[in-house]
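So the structure is just underneath, and the comments pick up after that.
Any read-out appearing in this document is the output of simple, stated calculations on the displayed coordinates, not a laboratory observation. Remember, it's a predicted structure, so these values are computed and weren't measured experimentally. FYI the Cβ positions are ideal-geometry reconstructions off the backbone, even for glycines, and counts take in every protein chain you see.
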Amino acid sequence: MTRLVLVGPPGAGKGTQATALSEKLSIPHISTGDLFRAHIGDGTELGRRVKQYLDDGDLVPDEITNQLVEERLAEPDTDGGFLLDGFPRNVGQADVLSKVLAESDKKLDAVVQLQVDEDVVVQRLLARGRADDNEDVIRNRQRVYRAETAPLLDYYRDILVTVDGVGDVEEITNRVLSALRDRT
Ligand code: ADP
């Protein structure tokens, strides 16, 4: 169970859980949102190209995102597995991911869905207050999730592991770990 994807609506706690899970499972945590924010913070050319999408809560175009992930997955620390957080976010990205993995005879082991009601996630995001956490942008990110990302739940139905994302951080981490164990 080492090649994992974490999906869930913005505010589901993917970043928090991904950090804990990557430590417990000793696999690198790859967050496309964090990678984009690092580029923006460093003022790189890529950062300049993606900033407006993050500010508006829209998806960064696939060609930019896919290339970033492909390059990251080519780094040797991912040989023993990885935890993707925030990628793929649409079916086109999922197809690219399958292809990239298949090139080295690999495939995903599981896709973990963190399930949280929309009211709960909106409240959490408003409390968090990141630059893209104002109400209009949050609503747009939820809309994008429903339209673009939620179809992945069906796409990945054979390897999908659904976990209740409401509760203590540690409790949720344990739920994910035991759900992954139960699959093997
Ligand atoms: P959240 O899950 O709270 O929306 P993320 O850090 O995962 O936060 O994503 C923040 C923003 O980064 C998204 O709104 C989007 O603009 C961009 N982004 C992250 N991952 C992707 C992706 N796979 N494809 C396109 N855009 C992405």
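A few points about this structure:
- Flagged links, alpha-carbon separation over 23 Å, of Lys14/Lys107; Lys24/Lys107; Lys51/Lys106: Lys51/Lys106
- Close amide H contacts of Phe82 (hydrogens built in the peptide plane, cut-off under 5 Å, sequence separation of 5 or more or a different chain): Arg3, Leu4.
- The ellipsoid that matches the Cα gyration tensor of segment 56-157 has semi-axes, each √(5λ) in whole angstrom, of 27, 15, 13, with the longest given first.
- The phi-based Karplus calculation (6.51 cos²θ - 1.76 cosθ + 1.60; θ = phi - 60°) puts the 3J(HN,Hα) values of segment 103-108 at 4, 10, 6, 10, 8, 5 Hz, whole numbers, x for Gly and Pro.
- For Gln93, net neighbour charge (Lys/Arg +1, Asp/Glu -1) across residues whose Cβ lies under 12 Å away: -3
- All distinct Cα pairs of the chain go into the 1/r average, and the inverse of that average, the Kirkwood radius, is 16.7 Å.
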